[in-house]
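Heads up: the structure comes next, in structure tokens.
No value in this document is a laboratory result; all are computed from the given coordinates. The model shown is predicted, which means the values in this text are computed figures rather than measured ones. Positions of Cβ are generated from backbone atoms using ideal geometry, with glycine treated the same way; all protein chains shown enter the neighbour counts.
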Amino acid sequence: MLLATAYARGLSQLRTEARAAILVMAANLALGALALLDPILFGKVIGALAQPGGHVWRYIAAWASLSVISVAAGVTASVFADRIAHRRRLAAMTRAFDNAITLPIARVSARGTGKLMQVVFAGGEALFQLLLGFMREQLPAIFALALLFPVAFSMNVAMASVLAALAVVYVAANLLVMRKTETGQQRVNEEAQAYYGRLGDVISNVPVVQAYANLKSETAALQALTGDLLKALFPVIRWYGVLTVLTRAASTLALVAIFGVGAWLAQHGRASLGEIVSFGGFAGLLIGRLDTLSGSISGVVRNAPAMRNFFDLVDERPGSPDRPDAEALEDVRGQIAFERVSHWIVEEAELGLFDVSLEVPAGATVALVGHSGAGKTTMMALMQRLRDPDLGEIRIDGRDIRRLTLASLRQAIGVVFQDAGLFNRSIADNLRLARPGASEAELTAALEAAQAWEFVKEKPGGLDYVIGERGQLLSGGERQRLAIARAILKDAPILILDEATSALDTVTEAKVKQALDAAAQGRTTFIIAHRLSTVMDADLILVLEKGRIVERGTFESLVASGGRFAEMAQAARLTDGGAFSDAA
Ligand SMILES: Nc1ncnc2c1ncn2[C@@H]1O[C@H](COP(=O)(O)OP(=O)(O)OP(=O)(O)O)[C@@H](O)[C@H]1O
Ligand SMILES: [Mg+2]
């Protein structure tokens, strides 16, 4: 995206505020005209003082009322500009946020929290500065300059030409610095993103950093990133230094030139004292406006990369958007079919799922077992359309899930994630994610079913207890039970339990298993577990290996057939809790 495109796109945010924006522009137009009258009247006052019998009082009165009107217009312009810019910033940030949370999970995780937040924050800030800069600085300055030159030339061509030369030097210096800093600015923004990416990653992992006593090295790594950021920043700052020197020198010389030319003209009777004073004022006005304009434009250049990233995020399309003819999945029975499904997670890396076919009748319980990394979670991700198959199709109740709306598909599936997936909110709020209107009695019932009420009621505030980022103020087993309660509360016709009980002791697990068995009643349930006891009662057991189903059947039939599963079960019987994960 070009600088001009990003700029125009930023300004287009004003469309929804057309009326307020027009008011601001009108006030600015008035300000521009008034600013110009100021030196003219000042010149008149001086001229009148120098001439006996001049109308000095009339000019002074006009000058005073002018100042009052200027103040009123100035206040109107800046207050409205501020309000508009604040409103637009928040609206745009909300839009970026809305979009960010619909992106494919893999894309979000790959970028990381810190970077995404930087894009939203820095982008919002850049937009704010752009709108404010446009309405409060660029617009008034351009109006003032557009009025200044015709008036100045009509008054005195020689002195006006000096002003015009000054303007040319300003514009040239700014263009030069703009060109020299554009790529540098891009690098500054990249370094800032790296910095915030690291910052977000570390802060969300403070327990690990502390446990590994890595404080010093983490701080050092962050310092190194700050160093890179500064290194990227210095050349840019240097060019701005050059710009300041150039423009300062030009404006001083211009002021001297105005008085020099003015004095020469006066000696030859071609300029009055009042005119020279007015042109001194014009020069001040011009320098002030050009300075503002130059500062404001360099702000635009500085913010351009942040703005581009922001709009890129707003424009980024979700991985699997609804088809235009997508239909809602309703009255779900829960019959599921995979037909020759293949999906490569990483091309050529032989990671993923290959040629998986499967028929699951409504209400059945399917257990997935197999090595860590065999593709169990991936298979479930495909069913939820967190990923799409590269080949084959998945059907629910006979309907291709790609033809369904995402919202209705996800509504039909309750999930307990491998990591519990909790928010830094109260227990009640975490549960209500599954059913926003749930009553307190319903929350308690779900917690009781998941064997979680016993610990929740002990917490200060009970349901209102806030559980920390990703639930870190709870124990691992408590997190899992809360996540199970949430899935029970969702009451969806299809249930996925991805190692939902892996962090529980055997006694609690036995209790939770009862709850899960109850929850699985009348639902199609997929259960991924490493414990023999959990998968024993399943209607169908699938053994996955390197993304392929290598065995399938009931517990008895698989044990009897003496294959991979029988080996795993045999090994598991020898261990305490009947876990066959290590043997698997
Ligand atoms: N987004 C991703 N990018 C790259 N590789 C991935 C991604 N997600 C999963 N993988 C890889 O795909 C393989 C299958 O992962 P999957 O999560 O399906 O395994 P799993 O059977 O659920 O294992 P576990 O029992 O450890 O949970 C693994 O090797 C994993 O590293
Ligand atoms: Mg997994």
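Below is a table of values for the structure above.
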| item | result |
| --- | --- |
| Mean Cβ neighbour count within 10 Å, used as a protection proxy, ranking 127-134, 337-344, 537-544 highest first | 127-134, 537-544, 337-344 |
| Helix-derived mean residue ellipticity, 222 nm - over the chain, DSSP H n ≥ 4, -39500 (n - 2.57), to 500 | -21500 deg cm²/dmol |
| Helix 139-155 axis, angle to the chain major axis (alpha carbon atoms, nearest 10°) | 20 |
| Degrees separating the helix 215-267 axis from the principal Cα axis of the chain, which is the longest one | 20 |
| The chain, relative contact order [Cα under 8 Å, separation at least 6], % | 14 |
| Anisotropy class of region 109-199 from Cα gyration tensor, a/c 1.5 cut | oblate |
| Under 5 Å, built H, 5+ apart or other chain: amide partners of Ile527 | Val366, Ala367, Leu368, Leu497 |
| Cα long-axis angle, helix 273-315 against the chain (0 to 90 degrees, to the nearest 10) | 10 |
| Protection-proxy order for peptides 21-32, 321-332, 104-115, each taking the mean of Cβ atoms within 10 Å per residue, highest first | 21-32, 104-115, 321-332 |
| Euclidean distance of C-alpha centroids, region 473-533 and region 276-355, integer Å | 38 |
| Neighbour cut-off at most 16 other Cβ (10 Å), DSSP loop, GluC sites (Glu not before Pro), region 350-400 | Glu350 |
| Packing-based order for 276-286, 435-445, 466-476, using average beta carbon neighbours within 10 Å, highest first | 276-286, 466-476, 435-445 |
| Amide H within-cut-off set for Ile345, under 5 Å, with H built and near neighbours excluded | Leu351, Gly352, Leu353 |
| Share antiparallel - DSSP beta bridges, the chain, percent rounded to 5 | 50 |
